[in-house]
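Worksheet: one structure, shown below.
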Amino acid sequence: MEFGLLGAALVGVGATWVAIRLIGTTRPLPADLFDRMLGAGLVGLVTGRLAAMISQGVNPLSVPGDVIVVRGGVDTVWASVASVAALAWSLRRDLWRGLDAAAPPALFGLAGWHAGCLLRSDCLGAATDLPWAATLPGSTVGRHPTELYAAALLTASAFGVLRIRRNPGVAAGAALAGAGLVRLVTEPIRPSLAHSVAIWYLAATVVGGAVVLWRARVGSE
């Protein structure tokens, strides 16, 4: 694993840890929440890596050592689904309240990961002539600091979710919708030639919104 990628991952993990520590001084949180979230993240990372290898036509059983070569590709859709599923399983005794507690730290962690682009020198996206545009080394073309946009929007989403005091599950749904929406609106200015994953970000936004409406309605009945 290259050091820039590792550094960005550590920034994300560190942001999650700090958020849990600070939030825990103002409200009760599930026991060992950080350990649960870290474990869920590792489950997602391995699942996403295996999915990427299979999609590339590589049999993980034939080259098990390549599983740890994360820079070879990680399927973010499968990684996200597996992470959420693993976290939900670990919090199953009080599912909705547990997911609500994990929602803000998860968003802060995602923001940290995106801000970690500064360590990877990988913050820039599509070309633009906006005043705050940045350039790649050796280039005069201004580009959007796309990853920093995402980090700022995810941070704002995290603070917004922190303010939610509604029925259990509303905060978790809002966090899912917020994360999906941030990635959806920044996807068009990412330096990718294909944006087929945008449909998954749209799905996360819709599902998260549906959860918000469902859980809010449950408490009003």
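Quick look at the values:
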{"read-out": "Scan of the stretch 34-68 for residues that are under 16 Å from the mean Cα position of the chain (by Cα), of a type in the set (D, E, K, R) and over 27 Å from Pro168 (Cβ atoms), ordered by number", "value": "Arg49"}
{"read-out": "Which numbered condition Val84 misses (of (1) more than 23 Å from Ala174 (Cβ to Cβ); (2) among the aliphatic types (A, V, I, L, M); (3) touching a residue at least 12 places away in the same chain (Cβ under 8 Å))", "value": "(1)"}
{"read-out": "Residue list for the stretch 29-69, restricted to those being of a type outside the set (A, V, I, L, M, F, W, C), open to solvent by 60 Å² or more (accessible area, probe 1.4 Å) and free of Cβ contacts under 8 Å to residues at least 40 places away in the same chain", "value": "Asp32, Asp35, Ser55, Gln56, Gly57, Asn59, Ser62, Pro64, Asp66"}
{"read-out": "Arg21 closer than 18 Å to Ala158 by Cα and either open to solvent by 40 Å² or more (accessible area, probe 1.4 Å) or out of contact with any helix residue (DSSP H, G or I) (no Cβ under 8 Å at 6 or more places or on another chain) (or both)", "value": "yes"}
{"read-out": "Subset tally (residues that are within 21 Å of Arg163 (Cα to Cα) and under 15 Å from the mean Cα position of the chain (by Cα)) for the stretch 14-33", "value": "4"}
{"read-out": "Any hit, the stretch 70-77, residues being free of Cβ contacts under 8 Å to residues at least 24 places away in the same chain and either open to solvent by less than 60 Å² (accessible area, probe 1.4 Å) or under 17 Å from the mean Cα position of the chain (by Cα) (or both)", "value": "yes"}
{"read-out": "Residue list for the stretch 137-154, restricted to those being open to solvent by 70 Å² or more (accessible area, probe 1.4 Å) and farther than 22 Å from Ala111 by Cβ", "value": "Pro137, Gly138, Thr140"}
{"read-out": "Residue within the stretch 173-188 that is surrounded by 16 or more Cβ atoms within 10 Å (Cβ to Cβ) and outside any helix (DSSP H, G or I) present", "value": "no"}
{"read-out": "Residue in the stretch 121-136 that is among the charged types (D, E, K, R), at pLDDT below 95 and either surrounded by 21 or more Cβ atoms within 10 Å (Cβ to Cβ) or over 15 Å from the mean Cα position of the chain (by Cα) (or both) present", "value": "yes"}
{"read-out": "In the stretch 97-113, the residues that are open to solvent by less than 80 Å² (accessible area, probe 1.4 Å) and either outside any helix (DSSP H, G or I) or modelled with pLDDT under 95 (or both)", "value": "none"}
{"read-out": "Of the criteria (1) over 22 Å from Ala172 (Cβ atoms); (2) open to solvent by less than 30 Å² (accessible area, probe 1.4 Å); (3) modelled with pLDDT of 95 or more, which one Cys117 fails", "value": "(3)"}
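The values are calculated or read from the model by the stated rules, or taken from the named source; none is laboratory data. Quick caveat: nothing in here was measured; it's all calculated off a predicted structure. FYI the Cβ positions are ideal-geometry reconstructions off the backbone, even for glycines, and counts take in every protein chain you see. Protein only, heavy atoms only, side chains kept; ligands, DNA and RNA dropped before computing areas. Shrake-Rupley method; radii C 1.70, N 1.55, O 1.52, S 1.80 Å.
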